[in-house]
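Just below is one structure, and these are the notes that go with it.
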Amino acid sequence: MSDSNVIKLAQPGVFTDSLTEVLRSGARALLTQAVEAEVAEFLAKHADLKTETGHQRVVRHGHLPERDIMTGVGPVTVRQPRVRDRASGDGERIRYSPAILPRYARRSKSLEVLIPILYLKGISTGDFEEVLAALVGDAPGLSASTIVRLKEVWTEEHARWQKRDLSAKRYVYCWADGIHLEARLEQQAQCILVIIGATPEGKKELIGFTDGMRESSQSWRDLLLDLKRRGLATAPQIAVADGALGFWKALGEVWPTTREQRCWVHKTANILNKLPKSLHTKAKRALQEIWLAETKDDAVTALETFVETYQVKYKKAADCLTKDRDGLLAFYDFPAEHWKHLRTTNPIESTFATVRHRTIRSKGCLSNKTALAMVFKLVEGAQKSWRRIDGHNQLPKLIQGVKFADGIEIVGNSVAPQA
């Protein structure tokens, strides 16, 4: 036993537990295997190529120097194999561009998402290295100057995205909403205007993303006109949004042929707010019978039943439902497979639920440009996991002018039989 009573304390940001070391060792081994497999696949792809002397043209050529990749379990040291094209002459060389470990990558994608989250939470630029060290261990290469450069890159990426050409794009459906985030924006009343579209292949894409006033028709008009100026010539067939009058007014002016579909989640909340809490369960069930009805006629019957039940004592609740009757039932004129996508603004709400959770109000403020760039990076990451809409094979029919009634394709003068 040592007779010294001096106890060595762990330094901030340094992991000493064996579990973390095991995780890092496992991550290093897996990454090494994946990198080696990627190189082997590339070499096998060019195995038939020979030099003038008959030797293998594309071969391994040692390794690049070791480098640390920042990950969720701290830095992981890896070595990237080199690949050499031994062909002589001035012809085009075969170059190896690794996908798993890009040439200049210094951090994993999980950290690329974590950095804008911390920034929006109020972490100052100079504190990033310390905060990340507490989260993932030693964080070399993430100094204040590195964070500033990253912020500038993301701001430039957002600016380029806002100016991208849309002339080759077409969206059959779109969802719109004004999202209020508790991030540190300059103006108290500002929010982020978001438009997501569905391509003819059923893929969801972020179309519009900018700051503005949620209830302002001018802000929505500016965004829609900007999309048209950049080449989005064909209007979506239907737009889904809540009851914000500013968006619907701008839509009517810029895309007058686009059908209107009100979000049932927002409408249900608005109606329940006009009823006593003791009636919420019963009223919510009655509202579900409307938008879950098999046909438009059944939905109308359920709507009229709701109005008859609550009209006398709760006129405001009944009027809230009837004033948007046509807009609430527009989805019945589209393929039944798409109904669950068209009844709500869920594509936006589900994405921004996570973003909202990750952003809080804190002291100080961000410039609009910086805050938008940070949130844009979060949404850009979320977009990679968006699922295609169900029944996407029906979308080309809508483009061709095929009509639907109660979700079923109309053939001639009759509804086509269901398979």
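The values are calculated or read from the model by the stated rules, or taken from the named source; none is laboratory data. All values reported here derive from a predicted model rather than from experimental measurement. Don't worry about glycine lacking a Cβ; one is built from the backbone with ideal geometry, like all the others, and counts go over all protein chains shown. Accessible surface areas use protein heavy atoms only, side chains included; no ligands, DNA or RNA. Shrake-Rupley method; radii C 1.70, N 1.55, O 1.52, S 1.80 Å.
Would you mind finding the one in Ile179, Ile123 that is farther than 15 Å from Ala373 by Cβ and modelled with pLDDT of 60 or more?
Every option except Ile179 fails the conditions.
Among the residues of segment 244-275, which ones are open to solvent by 40 Å² or more (accessible area, probe 1.4 Å), assigned to a loop (DSSP other than H, G, I, E, B) and in contact (Cβ under 8 Å) with a residue 24 or more places away in the chain?
Residue satisfying the conditions is Lys274 alone.
Exactly one condition in (1) touching a residue at least 24 places away in the same chain (Cβ under 8 Å); (2) outside any helix (DSSP H, G or I) is false for Lys313; which is it?
(1)
For segment 392-410, give me each residue that is open to solvent by 20 Å² or more (accessible area, probe 1.4 Å), assigned to a loop (DSSP other than H, G, I, E, B) and within 17 Å of Arg343 (Cα to Cα).
Hit for segment 392-410 is Asp406, nothing else.
Can you tell me which residues in segment 201-236 are aliphatic (A, V, I, L, M), over 13 Å from Leu251 (Cα atoms) and assigned to a loop (DSSP other than H, G, I, E, B)?
Within segment 201-236, Met213, Leu232, Ala233 qualify.
List the number of the failed condition for Ala239; all other conditions in (1) touching a residue at least 24 places away in the same chain (Cβ under 8 Å); (2) within 27 Å of Thr322 (Cβ to Cβ); (3) in a helix (DSSP H, G or I) hold.
The one condition Ala239 does not meet is (3).
Looking only at residues in segment 137-176 that are in a helix (DSSP H, G or I) and among the aromatic types (Phe, Trp, Tyr), which one is modelled with the highest pLDDT?
Trp161
Quick check on my filter: what residues within segment 328-360 are farther than 16 Å from Asp390 by Cβ, at pLDDT 95 or above and not hydroxyl-bearing (Ser, Thr, Tyr)?
Leu328, Leu329, Ala330, Asp333
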